[in-house]
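Participant: What follows is a structure written as structure tokens; I'll ask about it next.
The values are calculated or read from the model by the stated rules, or taken from the named source; none is laboratory data. Bear in mind the structure is a predicted one, so any value in this text is a computation, not a measurement. Cβ atoms come from the backbone with ideal geometry, glycine included; neighbour counts cover every protein chain shown. Accessible surface areas use protein heavy atoms only, side chains included; no ligands, DNA or RNA. Shrake-Rupley method; radii C 1.70, N 1.55, O 1.52, S 1.80 Å.
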Amino acid sequence: MEEAHDLKLALDVSAQDLITKMLLKQFPDHAVIGEEGSIGSAQAKHHWIVDPIDGTVNFFYGIPHFCISIALRETDKLVIGVIFDPIKDELWSVSRGEPAFLNDRPIRVSSRKSLSESVVSVGLSKSARAIEAGLKTLMR
């Protein structure tokens, strides 16, 4: 049963189609696993994992907090990850074994050791069951 807020926009599908075409043009022997469907062989050595609009509900309601998320898995290891926030024009990227970057500038995790010195943000899912599970995790 589909949740009341589980929106699927035509833009999700067309954005994934565009990303898939671009990836497979450059890497024809790879496969693409997407939120809106998959293309290519499950036996391919390389799988691109695509969420064309990560935060569809936010996008739909005009909340400027969504992004495009893409990762590359080689066999059983994630080797590349990119997240693009078109509102802030921020590109987050990382390659396995390398430093992470924000718009070509290296980034690092905070050196703070205490929760009282930190800011914590969490997103919760749409179903009551998923929210309950997320709150348990947050409480730990």
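Participant: Filter the stretch 63-99 for residues that are among the small types (Gly, Ala, Ser) and open to solvent by 40 Å² or more (accessible area, probe 1.4 Å) and give the result.
Facilitator: If the condition is that a residue be among the small types (Gly, Ala, Ser) and open to solvent by 40 Å² or more (accessible area, probe 1.4 Å), then Ser95, Gly97 are the ones that fit.
Participant: Is it true that some residue in the stretch 37-60 is under 30 Å from Arg108 (Cβ atoms), assigned to a helix (DSSP H, G or I) and not hydrophobic (A, V, I, L, M, F, W, C)?
Facilitator: yes
Participant: Could you check Val94 against (1) in a loop (DSSP other than H, G, I, E, B); (2) in contact with a Gly (Cβ under 8 Å, 6 or more places away or on another chain) and say which number it fails?
Facilitator: Val94 satisfies every listed condition except (1).
Participant: Right, here's the next one. Looking only at the stretch 121-133, decide whether some residue is over 24 Å from Gly55 (Cα atoms) and outside any helix (DSSP H, G or I).
Facilitator: No.
Participant: Output the number of the condition that Leu11 fails; it satisfies all remaining conditions of (1) open to solvent by less than 30 Å² (accessible area, probe 1.4 Å); (2) in contact (Cβ under 8 Å) with a residue 40 or more places away in the chain.
Facilitator: Exception for Leu11: condition (1).
Participant: Can you pull out every residue in the stretch 26-60 that is more than 16 Å from Gly123 (Cα to Cα), over 11 Å from the mean Cα position of the chain (by Cα) and modelled with pLDDT under 90?
Facilitator: Within the stretch 26-60, Glu36, Gly37, Ser38, Ile39, Gly40, Ser41, Ala42, Gln43, Phe60 qualify.
Participant: Next up: Looking at this structure, is Ala15 over 16 Å from the mean Cα position of the chain (by Cα) and not in a strand (DSSP E or B)?
Facilitator: Considered against the rule, which asks whether it is over 16 Å from the mean Cα position of the chain (by Cα) and not in a strand (DSSP E or B), Ala15 comes out as no.
Participant: Restricting attention to the stretch 23-62, which residues are hydrophobic (A, V, I, L, M, F, W, C) and exposed (fewer than 12 other Cβ atoms within 10 Å of the Cβ)?
Facilitator: Listed by number, the list holds a single entry, Ala42.
Participant: Sticking with this one: Applying the selection to the stretch 97-140, what residues are aliphatic (A, V, I, L, M), more than 20 Å from the chain's Cα centre (by Cα) and under 26 Å from Pro86 (Cβ atoms)?
Facilitator: Result: Val119, single match.
Participant: Which of (1) closer than 19 Å to Leu9 by Cβ; (2) part of a helix (DSSP H, G or I) is the odd one out, the single condition Pro64 does not satisfy?
Facilitator: Of (1) closer than 19 Å to Leu9 by Cβ; (2) part of a helix (DSSP H, G or I), only one is false for Pro64: (2).
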